[in-house]
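First comes the structure, then the notes that go with it.
The values are calculated or read from the model by the stated rules, or taken from the named source; none is laboratory data. Everything numeric here is computed off the predicted structure, so don't read it as measured data. Cβ atoms come from the backbone with ideal geometry, glycine included; neighbour counts cover every protein chain shown. To get the accessible areas, we keep the full protein, side chains included, count just its heavy atoms, and leave off ligands, DNA and RNA. Shrake-Rupley method; radii C 1.70, N 1.55, O 1.52, S 1.80 Å.
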Amino acid sequence: YPLSTNGVEAPQQTNNFSLHAIAGVSYQENALCISGVSSLVRHQSRGLLLSGISNHVGQKAYGAQIAGVLNQVKGDAQGVQLAGVANVTGSMDGAQIAGFANVSKDAHGLQLAGFSNSARATDVQVAGFANVAKSSEAVQVAGFINIAKDANTQVAGFINIAKKVTGPQISGLINIAEESDYP
């Protein structure tokens with residue numbers, strides 16, 4: 001963009017297939033978008049977004065986003081996000097897998113990160129260092145620390161912190177909770 005088949009009108013176009021040597025801009029992608037560096041979809045994406053560096057979606061994403069560094073969806077993401085560094089969404093339903101961090105308003109499904117996961121409400125969080133959630137419905141597993149207001153199960157190498165835990169709370173050193181069924 002703007003050196004493309006859609007020219008300066010690319011930000012208003014809906015595509016079923018896009019192939020960009022460097023970066024691409026579109027209003028909507030319906031099936032497959034491949035970019036050497038980055039994809040920018042202003043509205044929503046359906047299907048697969050595959051980029052060497054980053055994918056950015058302005059509204060909603062359905063399907064898979066795979067990027068070498070970053071996937072960013074401002075609205076809801078349903079499906080799978082796989083990034084070398086980070087995934088960032090408004091809310092997520094499916095799986096977020098990142099080398100460093102996953103950040104989501106609500107994460108229904110799996111958040112798996114090399115360093116940290118953060119969500120207001122979540123199902124499963126697995127991180128090398130830390131998990132943070134207001135509400136964890138299933139399990140938090142971290143190499144160092146888990147933090148949640150309400151949690152079902154917490155497993156950490158060093159410390160777990162929660163207000164209320166309804167399942168087991170297991171740590172290498174200390175568990176902190178106002179209420180815990182199985183510390």
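Tabulated data
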quantity: Boolean, Val73 is under 30 Å from Ala142 (Cβ atoms) and open to solvent by less than 40 Å² (accessible area, probe 1.4 Å); calculated: yes
quantity: Selection within the stretch 137-165 - open to solvent by 70 Å² or more (accessible area, probe 1.4 Å) and modelled with pLDDT of 95 or more; calculated: Phe144, Lys149, Phe158, Lys163, Lys164
quantity: Of residues in the stretch 96-105 being open to solvent by 20 Å² or more (accessible area, probe 1.4 Å) and aliphatic (A, V, I, L, M), the one nearest to Ala31 (Cα to Cα); calculated: Ile97
